[in-house]
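The values are calculated or read from the model by the stated rules, or taken from the named source; none is laboratory data. Keep in mind that this is a model prediction, so the values were computed, not measured. Cβ placement follows ideal geometry from the backbone for every residue including glycine, while neighbour counts extend to all protein chains displayed.
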Amino acid sequence: MSSTKIIIAGLIGFVSAFLLGWVLYGMLLSGFFEANAGTATNVGRADEEIVFWSLLVANLFYGFLIAVTFGVIGNVKGLGDGLKYGALLTFLMSGFFDFIMYATTNIMNVNAVMVDIAVATLMGAIVGAIVGWYYGRE
């Protein structure tokens, strides 16, 4: 896989992840996660306090995680494979992260852990499908 194709796929993944995260977490589920926070208080930033550059960098890493995993390690090509492996990768990644956070912090309750894993898996499936589709267009 060429470096150019991986970079383009990473940028496509970045934009997809950013937009999906904004819609799913920022718009649709923000109230749910506020209602299912743990006992820690004042850990979430108000909209006007969000460190936007950091949000962009995080989604850039996300896009390139999918692009590099699919293009270099997994050789995933096609919408269906991308959906399947994007879901699997993010299910394992979010399960690891969320259960560690649940075990070691008071940021969210177990309901939020389960919903976050489900939403992250859905998001990964969609981003994976988009990146897989891009890789499959030869």
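Only one of these conditions is not met by Ala40: (1) in contact (Cβ under 8 Å) with a residue 12 or more places away in the chain; (2) among the small types (Gly, Ala, Ser); (3) closer than 30 Å to Ser2 by Cα. Which number is it? Failed condition: (3). Among the residues of segment 98-138, those identified as among the β-branched types (Val, Ile, Thr) and either surrounded by 20 or more Cβ atoms within 10 Å (Cβ to Cβ) or closer than 13 Å to Lys84 by Cα (or both) are Val113, Ile117, Val119, Thr121, Ile126, Val127, Ile130, Val131. Every condition in (1) in contact with a Phe, Trp or Tyr (Cβ under 8 Å, 6 or more places away or on another chain); (2) surrounded by fewer than 17 Cβ atoms within 10 Å (Cβ to Cβ); (3) in contact (Cβ under 8 Å) with a residue 60 or more places away in the chain; (4) not aliphatic (A, V, I, L, M) holds for Phe70 except the one numbered (2).
Quick grid of which residues meet (1) more than 15 Å from Leu24 (Cβ to Cβ); (2) at pLDDT 95 or above; (3) in contact with a strand residue (DSSP E or B) (Cβ under 8 Å, 6 or more places away or on another chain); (4) not in a loop (DSSP other than H, G, I, E, B):
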site	(1), (2), (3), (4)
Val76	yes, no, no, no
Lys84	yes, yes, no, yes
Leu89	yes, yes, no, yes
Gly95	yes, yes, no, yes
Met101	yes, yes, yes, yes
Ala118	no, yes, no, yes
Leu122	no, yes, no, yes
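Can you find a residue that is hydroxyl-bearing (Ser, Thr, Tyr) and over 19 Å from Phe32 (Cα atoms) anywhere in segment 111-122? Within segment 111-122 (the criterion being hydroxyl-bearing (Ser, Thr, Tyr) and over 19 Å from Phe32 (Cα atoms)), the answer is no, since none of the residues qualifies.
To keep it simple, each residue is scored yes or no on (1) within 23 Å of Met1 (Cβ to Cβ); (2) of a type in the set (S, T, N, Q).
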position	(1), (2)
Leu56	no, no
Thr69	yes, yes
Ile73	yes, no
Leu92	yes, no
Gly95	no, no
Met108	no, no
Met123	no, no
Gly128	yes, no
Trp133	yes, no
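Considering only segment 10-36, state which residues are under 13 Å from the mean Cα position of the chain (by Cα) and either polar (S, T, N, Q) or farther than 23 Å from Ile130 by Cα (or both). Residue satisfying the conditions is Ser16 alone. Note on segment 1-45: residues that are modelled with pLDDT under 95 and of a type in the set (Gly, Ala, Ser) total 10.
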